[in-house]
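Step one of this worksheet: look at the structure below.
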Amino acid sequence: MNDHVSDPLLALSPWRSPEVTSWRRLPMNAVDRRAGAHSLDGDWRFRLLPAPDAPVGGDWSSAAVPGVWTMQNVQGTVDLPRYLNIRMPFPEFPPLSPDANPTGVYEREVDVPADWAGRRIVLQVGAAESVLLVHVDGRPVGLSKDSRLAAEFDVSDVLSPGRPSVVRLTVVKWSDASHIEDQDHWWHGGITRSVLLYATDPLYLADVDVRASAEGELRVDCRVRDAGGALPAGWYVTGELDAPDGPDGPGGLTLAQDAEFDLANAEDDRVSAFLGEARLHARVPEVRTWTAETPELYGLTVRLHRADGSVADASRHRVGFRDVTIVGRDLLVNGERIFVRGVNRHDFHPLTGRTVSVEDMRADLVLLKRFGFNAIRTAHYPNDPALYDLADEIGFYVVDEADIESHDHAHEIADDPRYLNAFVDRVSRMVLRDKNHPSVIVWSLGNESDYGANHDAAAGWVRRHDPTRPLQYEGAAKRGWADPHVASDIACPMYAPLEDCVAHALSGLQTKPLIQCEYSHAMGNSNGTLADHWAAIEATPGLQGGFIWEFWDHGILQSVNDGRPVGRGGAGLYDNGVTAPGYRWAYGGDFGETDHDGAFIADGVVLPDRTVKPVMYEHRELAAPLRLRGFRHEGLVLSNHQHFRGLEWLAGEWELSLAHGGTLTAAADLPDLRPGETAVVPLPFELPADGGEAWLTLRVTTAEDLPWAPRGTPVCAPQVRLRAAEPAGAPAVSGRVETDAEGLLVHPLLTSSPTLSLWRAPTDNDELGGMALRWRTWGLDSLVRKLVSVRQEGDGVTVLSEYAATAGVVRHRQVFTPVEGGVRVDEQAELPEEFDDVARVGTVFETVAGLDLLEWFGQGPWESYPDRSGGAPVGHHRVPVDELFTPYLRPQESGGRHGVRRFTLSAPDATGLAVTLDEPRQISVTRYRAEDLTAASHHDELVPRAGCVVHLDAAHRGLGTASCGPDTFPSYLVAPGVHRWSWTLRVL
Ligand code: IPT
């Protein structure tokens, strides 16, 4: 095995040959062989070579399989994770790759169970990137590309039961295939999914294709093969269908072989006896249909019998009866127009890179389900096979995407005939693997690869093979959302401005459903205007939703000390998104790369440890299955906003929050409503005459234990205002206020007096959208205050000052008036016209240490901003100061609370301060100054201050999504001109 030149697998340099997609790889199929298989997972001998044709000399170390070597501290490994979005990590043009090409050689002894003698033995490698070469005892067995799908090889001839053999898997990192695996995530190298051996009878089920319609039609096509070539006479298949309640429940069926199909085959002289095809057929009475809301799964066992009736092979499937159709410009599931509340999901883990366990995937889906998501796009490649089982079971619509992204060389590759085979190979193998999953409702040809003949070829294959599902491809849709002649049945743009989507839907020209494949980029503190998007989607026929980009922040847990990924052992080193001292969430540039795309890899709705970002609460509310509206003071309108089910799975509790009173609760009886129905219910409370502003919330939870949520899990909290706030009278003047020589307020609880703030630590959107650059250019990050005058007027003090920036001067006035127990502050700032879009206009001050609890009346309890506040109901909230802040990977503006009317900051002995605002305002209370956050690139660099940094904003800019996509809407911008705000500070 040391003579590489004579090894045909190496001699042909397959890593430089896009035409070669595999050699001796078995056809992809949907027969699940995991049960009864012999796992080869565990530690393998490992060598990292500098190139695929380098000699395999020297010492072996060991590496975990599955696992990428870039995440393991394998002895001698110098190849670390690397993050680049679009640009390739090497300069070679397709199909070339660099000569310096890390190549992992994995080896281990394999003992085949003795009772496998005489059986057909198959080696399955779950996934390896990007070229896999397989040898057994030095003999070439096969090769495969297509890094996110399994490769199977028949090893019956090279493995003998009872005699140990050496299996070698050589994984070449860079190849022609890397150019079509240029997705926006970390580059790694290794084997990312399980390796196993399984055995079958020589007579075996080569594939099973299940079609199950919402009308209860079940058709199962079986492909039968024999290792000897010719099929033995007399074989037949049978099937058994268990109803969703299990094999002992009612409604099971026995499926017989379809004689008409056999007859048609027998009469068709193109069909030889060699072609083992059989069909099972049944019509299921009173079928329980599958939807994401009602994931009803039947169990199916297909058995292949020999002529004597004995079973040669069997295959288990779960069947969901459902239809997907496009009618006009609507995507329908079982005839109903659905909303797609989707997210893009990568296979990602902060300790393993790409290897995800079933428990990990279940945790992802359970979380998404709890936060109202009903759809996943498997960006940008077929995800781990278990993900689809879980989606079937928990209930998600899946857009299944092929592993094709040629971003950096998209235009060259889309029409390059050398890559034609690879495109068709990747798309067809995905379809062959995943076709039986009811969750998969749409196929996607890949991502960001321009549009060319190679796509049309793949589309042609899919349309012929699976006419039961629509097909989408953003690159094709780019040529025109209404163009009927492209390889996309859905207009699936990315980051399209909302107004363009609405205009298209209203234009009369729309021909296809409009479902954005990516929108609302979740990088850092983001997802502004999500509520506006959903208001428009729900109000505009032709718009059906989209997939938020994306689920994960792909931070890798890294030891700051040695700069290496921590790897599998790091489980206890993070909690609630925060890493232990000495560790951090690494992003692009943290592994010594000079060329990288920084924190653009951290753009998910969850932090790397799956801690939810505040946008998740917003999403949960926007997806509420139950809606609430006020009705002419006479009652409330409740509506069932689901597509397929009633409200029986939900329980409710009314909550009345009074601004000047407490919170009252009462049990809620939810009406019996079918989807789309509404009911008027009486007000559950007599509204007390006093108490001020009043809000009624319906706290909706799960009524029973569900596979994805225990009973009592919050589902939504729709809210209506029952009474507006009365304008407050001016408090009586009392006492005196003290200012210093600079006109700054002197107060025993403040360590830094209230001054004007126009700056926030730029969010990723502010930075990448160019706003932060403008603010810096204007000098808003380094305002210089100059006192103009201090005047004692009556009992108060009026302070005029100027805040000089590079590009203009902001005149500021503070009027301090002593009131009972404190001071009232009336402020005014005049922004010159040049400052036509600033981050905030407001007050900042700092408190003494020890005031560690924030209690407020306003929106909450989680973080909210002017254009991301839909999921934060108004009420009385209390949160420790240290928990107000969201640790976005790259430190930035965080911790804001919207619509706050008043708050207290207190010590455990209830002393502290109270602030009342003139109207609902944006505030934040954190341990960091904006400049602390601006200066840091990771959280481990931040030193929390002992006191609190408090911002009260007259106006605060929306967050938008400008790091990739539209900025916030004009109504959420902070305009120039005069801003006025008032607040009262009292000592508790
Ligand atoms: C789009 C990509 O499809 C996705 O992988 C990711 O990179 C996302 O953007 C941004 O995070 S492509 C972009 C050029 C619009």
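See the values below:
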item: Exposure ranking of Glu405, Glu393, Glu686, Glu412 by accessible area [1.4 Å probe, largest first]; result: Glu686, Glu412, Glu393, Glu405
item: Accessible surface of the chain [probe 1.4 Å, protein heavy atoms]: carbon and sulfur percent; result: 52 percent
item: Kirkwood hydrodynamic radius (C-alpha pairs) into Stokes-Einstein, the range 832-876, 20 °C and 1.002 mPa s, D in µm²/s; result: 157 µm²/s
item: Cut-off under 5 Å, modelled amide H: who pairs with Val237 long-range; result: His305
item: Contour minus Cα-Cα distance for Ala580 and Thr511 (0.36 nm per residue); result: 19.6 nm
item: Cα gyration tensor shape of the range 213-354, rounded if a/c is under 1.5, else prolate or oblate by comparing a/b with b/c; result: prolate
item: Length released on extending from Glu634 to Leu988, taking residue separation times 0.36 nm less the Cα-Cα span; result: 123.4 nm
item: Translational D in µm²/s for the range 702-782 (Stokes-Einstein at 10 °C, 1.306 mPa s, Kirkwood Rh from C-alpha pairs); result: 81 µm²/s
item: Förster radius 25 Å - calculated FRET efficiency between Thr325 and Asp483, Cβ distance, rounded to 0.05; result: 0.75
item: Whole-Å distance, taken between Cα centres, linking the range 727-773 and the range 281-322; result: 67 Å
item: Column: log10 I(q)/I(0), Debye, Cα scatterers of the range 130-184, q = 0.13, 0.18, 0.29 Å⁻¹; result: -0.39, -0.65, -1.18
item: Shape box of the range 8-200 [Cα atoms, principal axes, largest first, Å]; result: 51, 35, 30
item: Compactness of the chain - radius of gyration and Dmax, Cα, Å; result: 31.5, 109
item: Cα gyration tensor, the range 626-717 - rounded (a/c under 1.5), prolate or oblate; result: oblate
item: Cα centroid of the range 181-246 to Cα centroid of the range 922-970, whole Å; result: 52 Å
item: Ranked order, Glu742, Glu401, Glu260, Glu293 - accessible area, probe 1.4 Å, largest first; result: Glu260, Glu742, Glu293, Glu401
item: Exposure rank, largest accessible area first [His179, His643; 1.4 Å]; result: His643, His179
item: Extension gain from Val271 to Glu941, taking 0.36 nm per residue of separation minus the Cα-Cα distance; result: 234.2 nm
item: Cα→Cβ-extended label distance, 7 Å offset, between Ala975 and Thr663, nm; result: 3.6 nm
item: D_trans [Stokes-Einstein, Kirkwood Rh over alpha-carbon pairs] for the range 324-552, 20 °C, 1.002 mPa s, µm² s⁻¹; result: 121 µm²/s
item: Filtered chymotrypsin sites (Phe, Trp or Tyr not before Pro), the range 60-127: DSSP coil and at most 16 other beta carbons within 10 Å; result: Trp60
item: For Glu448, distant residues with modelled amide H under 5 Å away; result: Gly475
item: Loop trypsin sites (Lys or Arg not before Pro), the range 213-284, which have at most 15 other Cβ atoms in a 10 Å radius of their Cβ (DSSP); result: Arg270
item: Paramagnetic reach from Arg627 in the range 642-659 [backbone N under 14 Å; point 7 Å along Cα→Cβ]; result: 642-643
item: Acute angle (nearest 10 degrees) that the helix 453-465 long axis makes with the longest principal axis of the chain, alpha-carbon atoms; result: 70 degrees
item: P(r) tail fraction, the range 482-555 - alpha-carbon pairs more than 16 Å apart, %; result: 49 percent
item: For the chain, cysteines whose Cβ has no other cysteine Cβ within reach (under 4.7 Å); result: Cys222, Cys501, Cys716, Cys948, Cys964
item: On Cα atoms only, tilt of 358-370 relative to the major axis of the chain in degrees; result: 40 degrees
item: Sites matching GluC sites (Glu not before Pro) across the range 33-112 that sit in DSSP coil, with at most 15 neighbouring C-beta atoms within 10 Å; result: Glu92
item: Cut-off 12 Å, label 7 Å out along Cα→Cβ of Thr678, residues of the range 608-634 by amide N; result: 627-632
item: Average accessible surface area per residue within the chain, 1.4 Å rolling probe, Å²; result: 37 Å²
item: Residue-averaged [θ]222 nm for the chain, counting only DSSP H segments that reach four residues, each worth -39500 (n - 2.57); result: -3500 deg cm²/dmol
item: Pairwise FRET efficiency - Asn421 versus Val311, Cβ, R0 = 45 Å, nearest 0.05; result: 0.75
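The values are calculated or read from the model by the stated rules, or taken from the named source; none is laboratory data. Computed from a predicted model, the values in this text were never measured in an experiment. Every residue, glycine as well, gets a Cβ built from its backbone with ideal geometry; the counts of neighbours run over all protein chains shown. Heavy atoms of the whole protein, side chains included, go into the accessibility calculation; ligands, DNA and RNA do not. Shrake-Rupley method; radii C 1.70, N 1.55, O 1.52, S 1.80 Å.
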